[in-house]
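See structure below.
The values are calculated or read from the model by the stated rules, or taken from the named source; none is laboratory data. Since the model is a prediction, treat every value here as computed from it, not as a measurement. Methodologically, a virtual Cβ is constructed for each residue, glycine included, from the backbone with ideal geometry; neighbour enumeration extends over all protein chains shown.
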């Protein structure tokens with residue numbers, strides 16, 4: 001079924017971005033690859049960063065690119081955006097991280113300002129979080145990914161439906177533009193209790 005297709009991307013043009021250490025300032029700047037990504041010239045400029053950063057983050061964290069792009073589209077956030085929730089929390093930045101979730105990451109030096117800013121960091125953190133949902137949560141792959149939005153069944157189910165539709169669209173889009181590999185939907189076992197808790201750190205130029 002088209003909506004279940006998963007796409008792994010192999011693209012050489014993001015290699016330099018993955019191998020180049022970032023300073024604190026560079027981390028929040030628009031990714032250099034976006035300036036050279038002629039294949040994305042037909043995209044609105046506001047979407048170019050989303051696509052470049054999502055693809056790069058999917059490669060770093062070994063998750064399907066079309067899944068991360070679908071989540072990014074479902075969230076629909078923008079740099080600097082804060083959306084109020086009825087429970088007093090806020091959804092922040094391009095990937096709409098909830099401030100309640102972010103409170104658990106302060107011990108890693110991660111603040112709301114980091115995920116609110118432009119640049120690829122919020123996509124890296126989203127990919128890290130999605131990988132943990134995929135490895136540790138229960139349910140099928142799409143339910144696990146939809147846990148990014150909510151674990152409450154009614155909200156998860158609605159998000160899951162939209163997610164699968166958008167993932168199919170992005171699979172087609174990626175296949176038409178770059179070298180990709182299609183992979184089968186994986187069987188995802190529960191993670192062991194001692195699974196790594198590594199979190200993508202905010203990179204600083206200071207020693």
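Under 7 Å between Cβ atoms, at least 6 apart or on separate chains: pull out the pairs that start in segment 143-162 with a residue that is at positive phi and modelled with pLDDT under 95 and end on any residue that is buried (at least 20 other Cβ atoms within 10 Å of the Cβ) and not in a helix (DSSP H, G or I).
none
Can you give me the number of residues within segment 87-111 that are touching a residue at least 60 places away in the same chain (Cβ under 8 Å) and over 18 Å from the mean Cα position of the chain (by Cα)?
2
I'm trying to understand the selection: among the residues of segment 38-86, which are free of Cβ contacts under 8 Å to residues at least 12 places away in the same chain and either surrounded by 15 or more Cβ atoms within 10 Å (Cβ to Cβ) or out of contact with any strand residue (DSSP E or B) (no Cβ under 9 Å at 6 or more places or on another chain) (or both)?
Passing the criteria: 38, 41, 42, 43, 44, 45, 47, 86.
Applying the selection to segment 87-96, what residues are in contact with a strand residue (DSSP E or B) (Cβ under 6 Å, 6 or more places away or on another chain) and in a loop (DSSP other than H, G, I, E, B)?
89
Name every residue in segment 36-79 that is over 13 Å from the mean Cα position of the chain (by Cα) and under 30 Å from residue 135 (Cα atoms), in order of residue number.
Result: 47, 48, 78, 79.
Quick one: would you say residue 114 is more than 22 Å from residue 145 (Cα to Cα) and touching a residue at least 60 places away in the same chain (Cβ under 8 Å)?
Values: more than 22 Å from residue 145 (Cα to Cα): yes; touching a residue at least 60 places away in the same chain (Cβ under 8 Å): yes.
Yes; evaluated as a whole, the condition is true for this residue.
Within segment 132-144, which residues are in a helix (DSSP H, G or I) and over 16 Å from residue 101 (Cα atoms)?
134, 135, 136, 141, 142, 143, 144
Counting just the residues of segment 30-55 that are outside any helix (DSSP H, G or I) and over 18 Å from residue 94 (Cα atoms), which one comes out modelled with the lowest pLDDT?
By that ranking, first place goes to 37.
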